[in-house]
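These notes concern the structure reproduced below.
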Amino acid sequence: MNSLIYLNELRAGSGEVGEALLAKFLLAFLQAENKPEYVICVNEAVRLSTERGRVGYAALKELEHAGLKVLSCGTCLEAYKLTDKLSIGVISNAVEIANLLSSHKQITL
């Protein structure tokens, strides 16, 4: 079964190192034998695909460059007024994300 990375937050775990830790984990997937097919960003994680100043932005961009498809929740982008700032991947919706979640193994960071 193909896999996907599901990002709901801007950090992995909690605490001050969480954002840097998330970026390190994302970059580690570049070295993985079985790379995920997608990265799905929802809630606060949509900031990773829109805000260049975020620590995880460059890591997400590298994953996209390596061939992973990056999808950001359109409702979340609208809620944070970031739709016009999307610079990694494409806008997705609940139906597409639900279909991917039901057909792929999920990796949650």
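The values are calculated or read from the model by the stated rules, or taken from the named source; none is laboratory data. Note that this is a predicted model, so its numbers are computed, not measured. Backbone-built Cβ (ideal geometry, glycine too); neighbour counts: all protein chains shown. The accessibility values were calculated without ligands, DNA or RNA, using every heavy atom of the protein model including side chains. Shrake-Rupley method; radii C 1.70, N 1.55, O 1.52, S 1.80 Å.
For residue 19, the criteria (1) open to solvent by 50 Å² or more (accessible area, probe 1.4 Å); (2) in contact with a Lys or Arg (Cβ under 9 Å, 6 or more places away or on another chain); (3) charged (D, E, K, R) hold in every case but one, which is (1).
Kindly check whether there is at least one residue in region 15-33 that is without any contact (Cβ under 8 Å) to a residue 24 or more places away in the chain, among the hydrophobic types (A, V, I, L, M, F, W, C) and not in a helix (DSSP H, G or I). Yes, there is a match, as at least one residue in region 15-33 is without any contact (Cβ under 8 Å) to a residue 24 or more places away in the chain, among the hydrophobic types (A, V, I, L, M, F, W, C) and not in a helix (DSSP H, G or I).
Can you tell me which residue is farthest from residue 73 (Cα to Cα) among those in region 20-59 that are aromatic (Phe, Trp, Tyr) and touching a helix residue (DSSP H, G or I) at 6+ places or on another chain (Cβ under 7 Å)? Out of the qualifying residues, it is 29. Could you run through region 63-109 and say how many residues are in a helix (DSSP H, G or I) and within 12 Å of residue 39 (Cα to Cα)? Looking only at that region, the number is 5. For region 77-86, the criterion of being closer than 18 Å to residue 109 by Cβ and either open to solvent by 10 Å² or more (accessible area, probe 1.4 Å) or touching a residue at least 12 places away in the same chain (Cβ under 8 Å) (or both) is satisfied by no residue at all. When the residues of region 29-75 are filtered to those that are at pLDDT below 95 and within 20 Å of residue 102 (Cα to Cα), the one that is surrounded by the fewest Cβ atoms within 10 Å (Cβ to Cβ) is 34. Checked against (1) under 17 Å from residue 105 (Cβ atoms); (2) open to solvent by 60 Å² or more (accessible area, probe 1.4 Å); (3) of a type outside the set (Asp, Glu), residue 14 meets all criteria but (1).
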